[in-house]
1. Estimate the FRET efficiency between residue 262 and residue 149 by the formula 1/(1 + (r/R0)^6), using the beta-carbon distance for r and 41 Å for R0, to the nearest 0.05.
2. If we count other beta carbons within 10 Å of each Cβ, what is the order of 151, 126, fewest first?
3. Going highest first, how would you order 161-167, 293-299 by mean Cβ packing within 10 Å?
4. Based only on other Cβ atoms within 10 Å, what is the fewest-to-most ordering of 275, 284?
5. Determine the gain in length on full extension of the stretch residue 231-residue 299; use 0.36 nm per residue of separation and subtract their C-alpha separation, reporting nm with one decimal.
6. In what sequence do 93, 103 fall when counting other Cβ within 10 Å, fewest first?
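The numbers here are math on the coordinates, done by the rules we state, and not lab data. Note that this is a predicted model, so its numbers are computed, not measured. In this analysis, Cβ positions are derived from the backbone assuming ideal geometry, glycine residues included, and neighbour counts consider all displayed protein chains.
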């Protein structure tokens, strides 16, 4: 796995206008769907809607596809210890063969709510697979997604406000939700972080069947902004993170959590995998939605 911004979309390397001075970023999600090219630096992904009842069978992985990395996965990381991250969620749809196929990640933030990236374009009727370290097994639970709320300000060209909430058909009590970082949390440059996902170990490789993790650190916002230039502005609501060479989030990790562990051992989610250039490329940091910037949006409405 490599730290990167996009979820589980398929990736394709495209020629880009030199005036852009950088490749178009890839989302980190994977959808076996038709691609629509608006120009040499743009790829659109559309999810397939499904309405079948939940199943408990294995979850298939998207086949290898050489596409623009619109979603990221963990490249160069290592397998997480089973059960270490009980809030990790694999988001899947049922393919034409009737098999659930994972395309993005997410995190359980309450018994019936999953946090993910808006660019994953999750549809109601898709599934949240919780408590399944190895997607080829039947462990954990696969719950239908009955409602999707994406941020109204999400921009699928600049990835601003790349955040969404998914409501599950039923609450789960056996898996502990992750705690979200509060508005007062300040992340210093160099702070150690952990990204999770089922993405491929390398760019242009197939996804991994087991949950992986990779260690990263908070990167300089100014340096990150300079890398991505004006076409993909890095705003205060985004977080850039870098990892050692050959490690990063990659295709298939979009929507997954970026975590920090406090001195007291408390795990907090600080980011959502959003976008990046390629996987584990030393010149480009992974970009994440900064969770602490969306506290008001995430807060439940007041009781009547």
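1. Numbers: r = 29 Å, r/R0 = 0.70.
With R0 = 41 Å, the Cβ-Cβ based efficiency is 0.90.
2. Details: 151 17, 126 25.
Listed from fewest to most nearby Cβ atoms, that is 151, 126.
3. Details: 161-167: 24.0, 293-299: 13.3.
Sorting 161-167, 293-299 by mean packing, highest first, produces 161-167, 293-299.
4. Values: 275 32, 284 23.
Fewest-to-most ranking of 275, 284: 284, 275.
5. Working: separation 68, 0.36 × 68 = 24.48 nm, distance 3.08 nm.
Gain in length upon complete extension: 21.4 nm.
6. 93, 103
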